[in-house]
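What follows is a single structure, written as structure tokens, with notes after it.
The values are calculated or read from the model by the stated rules, or taken from the named source; none is laboratory data. Owing to the predicted nature of the structure, the values given are computational and were not obtained by experimental measurement. All Cβ positions, even for glycine, are placed from backbone atoms using ideal geometry, and neighbour counts span all protein chains on display.
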Amino acid sequence: MTPLRRIGFIGIGNMGWPMAANLLKAGFEVAVSDARPGRAEHFRDEIGGRAARDAADAATGGDAVITMLPTSAEVAAVIGAIKPALAAGALVIEMSSGAPGVTRALAEELGESGIALIDCPVSGGVARARSGELALLAGGAAADLARAAPVLDAMGSSVHHCGGVGAGQAMKALNNLVSAGGFLIGIEALLIGQKFGLDPALMVDVLNASTGMNNSTEKKFKQFVLSRRFDAGFGLDLMTKDLSIALEIGRSGATPTPFAALCRELWAAAGAMLGPGQDHTALARFSEQIAGMTLGVSKKTAGD
Ligand code: NAD
């Protein structure tokens with residue numbers, strides 16, 4: 001098998017843009033494509049590479065094609081469109097946080113034409129996509145993963161082989177279930193504490209020095225919630241999609257999912273209340289609305 005040198009990269013949004021930029025930096029030939037008009041040309045002008053006319057053009061002549069799209073629905077549409085352009089022996093690396101069942105079906109379909117697919121969703125957000133330090137959660141045959149290794153190493157700092165095709169995406173959805181639950185309960189604790197008289201910023205410091213610490217307390221609450229910036233770069237709708245995938249995995253295995261179900265419903269309700277286009281950290285605004293208060297630096301301290 002020839003090494004992967006020419007990469008078609010489809011979906012240069014919040015995550016795909018810095019990931020494709022890191023591939024270029026590592027010396028790969030990259031052709032980018034995105035459904036948003038002008039986005040690929042913008043990337044070429046600012047970062048480099050080739051701006052493909054469309055997804056099929058990006059895939060043409062590629063040793064590998066990377067998909068980094070919102071959901072499996074877009075991935076299935078794109079795979080359908082690029083299939084005739086894929087050379088036998090090409091490798092598809094599906095890096096979206098997708099639905100394992102859909103991805104497995106796509107892998108089977110491509111396999112009939114001699115094209116392998118691995119799933120390799122990522123964790124770490126925009127900051128780690130920029131620094132090339134994403135955690136990569138891979139599913140697929142060991143030989144295909146070994147072939148993809150130089151490409152993956154340009155975008156991430158650790159590759160975790162979770163199992164067969166779809167296993168990376170299952171792991172990703174479950175990771176985000178834990179992350180989304182941590183965010184939700186953390187904000188609820190800040191609201192309870194503020195009402196009691198605790199200062200929310202002080203609470204974040206104490207949580208981070210204590211056993212209540214999690215990724216949200218460390219990297220999101222001060223940076224994106226208390227600052228009122230709400231611009232972490234990960235959509236609330238995408239988080240709700242991940243929670244739906246996690247629930248579906250639970251249900252398909254008949255595993256009871258009481259907290260996962262509640263968690264998904266709360267995130268979905270936040271999306272409905274806040275409207276489209278929200279960053280996931282804006283979930284705090286939903287929690288604030290149902291609590292009837294806004295998180296901020298409290299003038300009053302407990303015991304005053
Ligand atoms: P995004 O919405 O910023 O980017 C998606 C891009 O895909 C957009 O530029 C959009 O125009 C493009 N697109 C949509 N449909 C298309 C199509 N049919 N053909 C070509 N391009 C198309 O989303 P994102 O935040 O970059 O997330 C991408 C994936 O990565 C999602 O599955 C998400 O859940 C996952 N993810 C996101 C983050 C994050 O922090 N943003 C972290 C880990 C994983």
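Restricting attention to region 161-192, report how many residues are within 16 Å of the ligand (Cβ to nearest atom) and closer than 26 Å to Thr2 by Cβ.
Qualifying residue count for the region: 1.
Could you pull out the residue among Gly27, Gly61, Gly16 that is over 24 Å from Leu106 (Cβ atoms) and of a type in the set (Gly, Ala, Ser)?
Exactly one residue qualifies, and that residue is Gly27.
Quick check on this structure: which one of Ala127, Ala135, Ala148 is touching a strand residue (DSSP E or B) at 6+ places or on another chain (Cβ under 7 Å), within 11 Å of the ligand (Cβ to nearest atom), in the same structural domain as Gly16 (by TED's automatic domain parsing) and of a type outside the set (S, T, N, Q)?
Only one candidate passes the filter, namely Ala135.
More than 16 Å from the ligand (Cβ to nearest atom) and without any contact (Cβ under 8 Å) to a residue 60 or more places away in the chain: is that true of Ala154 in this structure?
The answer is no for Ala154.
Looking at Gly139, Gly124, Gly164, Gly114, can you tell me which residue is under 23 Å from Met19 (Cα atoms) and either touching a Gly at 6+ places or on another chain (Cβ under 7 Å) or acidic (Asp, Glu) (or both)?
Only one candidate qualifies: Gly139.
Out of region 258-292, which residues are over 22 Å from the mean Cα position of the chain (by Cα) and either more than 13 Å from Leu177 (Cα to Cα) or part of a loop (DSSP other than H, G, I, E, B) (or both)?
Met273, Ser287, Glu288, Gln289, Ile290, Ala291, Gly292
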